[in-house]
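A.B. asks: Can you keep this structure in mind? I'll have questions shortly.
The values are calculated or read from the model by the stated rules, or taken from the named source; none is laboratory data. It should be emphasised that the depicted structure is a prediction, and the values quoted were computed from it without experimental measurement. A quick note on method: Cβ atoms are made from the backbone with ideal geometry, for glycine too, and the neighbour counts reach across all protein chains shown.
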Amino acid sequence: MDIPSRIGKYKVVKRLGQGGSGCVLKVQQDVIDRVVALKILFTNLMKARPNTIKRFKREARLASSLIHPNIVLIFDIGEQNGMHYYTMQYVEGLSMVEQIKKNNLSFSQRLDIMMQFCDALALAHSKGIIHRDLKPHNVVITEDLSPMILDFGIAKSLVDDENMTQVGHILGSAHYMAPEQARSTEVGTYTDVFGIGVMMYEMFTGARPFQGNDVRNLIIERIKYGEDPAKNSPIPMYEINNRIPVMLNDIVFRCMAGKAKDRYQTANEVLSELKKFQSQLDLHNAIDRVLGEKEKDKILINRKASYVQPILFSLFVLICGALFVFLVFWGEKYIPNLHEHLPFLKTLQNY
């Protein structure tokens, strides 16, 4: 699809990315010179899929209802010469995929990113909106390490009567989709929770829990996992990185439970568990710091003792020697009958 140099009141700066239904451009808005991202719908899809425009507008409407610091803002929706678009907040940073590959974040930074991410999804879930396509590709990590959710392309409103999903049509990305998505059955906020778990697994280990490049095989394996989770479960996170706490592993695996009923049911529940984990982690770190200071004190005390003890011993020997000489030569003068009780002193005196 050829992209014009201008779309309505927006001047095209460059193409940022492209997906199956459209592309995202960096544009500059006239008059106020604001730089925004503009998502444009491919025109060929409008003919092939009658519901495409309706779905596109619905995406913008659902996303615009979510005002959160970790969800991009929707500014405008429009149409120019048959070209449908909407504009949103332009965010600079690395995609979560790139950030994971860089592998330069501390454990606490990764945890904080995922907690912010869950907080944003908790808002969506509280409004009856499920994302259905959670994956690192749809998240940008800004310079200050804030995750920004970009795409609500196949989001679903649980309070909306309209249903534009075709029966038997699988929606989602194979590596991150829940078993119920693979089976193309009923989805809910618990479906997003599964995606959160897969993303956390990847964020903390650098590896995907469900491996493979063949989409068909991935979908089949996910269905099997839903039917028999124990037999088809991913390896524990701490087997990949033995520094990952068991408590975090348990949270992630509950998110990724094969049966929807066994998962946390909303992002807010996941966030609550992560907060508890963070509190435990902070407590353990504080204890380690205190114990560390005590160990330092012991070292300092031992070092001081290594100097003091020889000095004290020398003083003790000196005092004992002086007392002995005093008793030998002047003891009889001050202590009557001393030599009768200690005759060896008189013998020494004669020498």
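A.B. asks: So is GLN211 more than 24 Å from ARG58 (Cα to Cα), modelled with pLDDT under 90 and either among the hydroxyl-bearing types (Ser, Thr, Tyr) or assigned by TED's automatic domain parsing to the domain that holds HIS131 (or both) or not?
C.D. replies: Against the criterion (more than 24 Å from ARG58 (Cα to Cα), modelled with pLDDT under 90 and either among the hydroxyl-bearing types (Ser, Thr, Tyr) or assigned by TED's automatic domain parsing to the domain that holds HIS131 (or both)), GLN211 qualifies.
A.B. asks: Quickly run through the stretch 55-87 and pick out the residues that are out of contact with any Asp or Glu (no Cβ under 6 Å at 6 or more places or on another chain), under 14 Å from LYS39 (Cα atoms) and in contact (Cβ under 8 Å) with a residue 60 or more places away in the chain.
C.D. replies: ARG55, ARG58, GLU59, ALA63, VAL72, GLY78, GLN80, MET83, TYR85
A.B. asks: Hey, can you tell me all the residues within the stretch 195-252 that are β-branched (Val, Ile, Thr) and either in contact with a Pro (Cβ under 7 Å, 6 or more places away or on another chain) or assigned to a loop (DSSP other than H, G, I, E, B) (or both)?
C.D. replies: VAL198, ILE223, ILE235, ILE244, listed by residue number.
A.B. asks: Is the stretch 45-55 home to any residue that is at pLDDT 90 or above and not assigned by TED's automatic domain parsing to the domain that holds PHE152?
C.D. replies: No: the stretch 45-55 contains no residue that is at pLDDT 90 or above and not assigned by TED's automatic domain parsing to the domain that holds PHE152.
A.B. asks: Are there any pairs, at least 6 apart or on different chains, whose C-beta atoms fall under 9 Å, with the first in the stretch 203-223 and closer than 18 Å to ALA257 by Cα and without any contact (Cβ under 8 Å) to a residue 60 or more places away in the chain and the second small (Gly, Ala, Ser) and surrounded by fewer than 20 Cβ atoms within 10 Å (Cβ to Cβ), and if so, which?
C.D. replies: What qualifies is PRO209/SER233; LEU218/GLY212; GLU221/GLY212.
A.B. asks: Would you confirm, using the coordinates I've provided, whether ASP76 is assigned by TED's automatic domain parsing to the domain that holds ASN138, out of contact with any Pro (no Cβ under 6 Å at 6 or more places or on another chain) and not aromatic (Phe, Trp, Tyr)?
C.D. replies: It is false that ASP76 is assigned by TED's automatic domain parsing to the domain that holds ASN138, out of contact with any Pro (no Cβ under 6 Å at 6 or more places or on another chain) and not aromatic (Phe, Trp, Tyr).
A.B. asks: Could you grab me the full set of residues in the stretch 52-64 that are loosely packed, with under 14 Cβ neighbours inside 10 Å and among the polar types (S, T, N, Q)?
C.D. replies: none
A.B. asks: Within the stretch 253-268, can you find the residues that are in a helix (DSSP H, G or I) and surrounded by 19 or more Cβ atoms within 10 Å (Cβ to Cβ)?
C.D. replies: PHE253, CYS255, ALA260, ALA267
A.B. asks: Oh, and also: How many residues, within the stretch 123-146, are among the polar types (S, T, N, Q) and either touching a Gly at 6+ places or on another chain (Cβ under 7 Å) or part of a strand (DSSP E or B) (or both)?
C.D. replies: 1
A.B. asks: Among the listed residues ALA257, ALA230, identify the single one that is among the small types (Gly, Ala, Ser), assigned by TED's automatic domain parsing to the domain that holds SER108 and touching a residue at least 12 places away in the same chain (Cβ under 8 Å).
C.D. replies: Result: ALA257 is the single residue among ALA257, ALA230 that is among the small types (Gly, Ala, Ser), assigned by TED's automatic domain parsing to the domain that holds SER108 and touching a residue at least 12 places away in the same chain (Cβ under 8 Å).
A.B. asks: Would you mention how many residues in the stretch 160-182 are charged (D, E, K, R) and either out of contact with any helix residue (DSSP H, G or I) (no Cβ under 9 Å at 6 or more places or on another chain) or at pLDDT 90 or above (or both)?
C.D. replies: 2
A.B. asks: List, please: which pairs have Cβ atoms under 6 Å, are six or more places apart or on different chains, and start with a residue in the stretch 1-16 that is within 13 Å of VAL35 (Cα to Cα) and end with one that is part of a loop (DSSP other than H, G, I, E, B) and charged (D, E, K, R)?
C.D. replies: LYS9/ASP30
A.B. asks: Would you please name the residue that is modelled with the highest pLDDT, looking only at residues in the stretch 221-252 that are among the polar types (S, T, N, Q) and surrounded by 15 or more Cβ atoms within 10 Å (Cβ to Cβ)?
C.D. replies: Per the stated criteria, the residue is ASN249.
A.B. asks: Could you please tell me which pairs satisfy a Cβ distance under 8 Å, a separation of 6+ or placement on different chains, a first residue in the stretch 235-252 that is within 14 Å of MET200 (Cα to Cα), and a second residue that is among the β-branched types (Val, Ile, Thr) and assigned to a helix (DSSP H, G or I)?
C.D. replies: MET237/THR205; MET237/VAL252; TYR238/VAL246; ILE240/THR205; ASN241/THR205; ILE244/THR205; ILE251/VAL270
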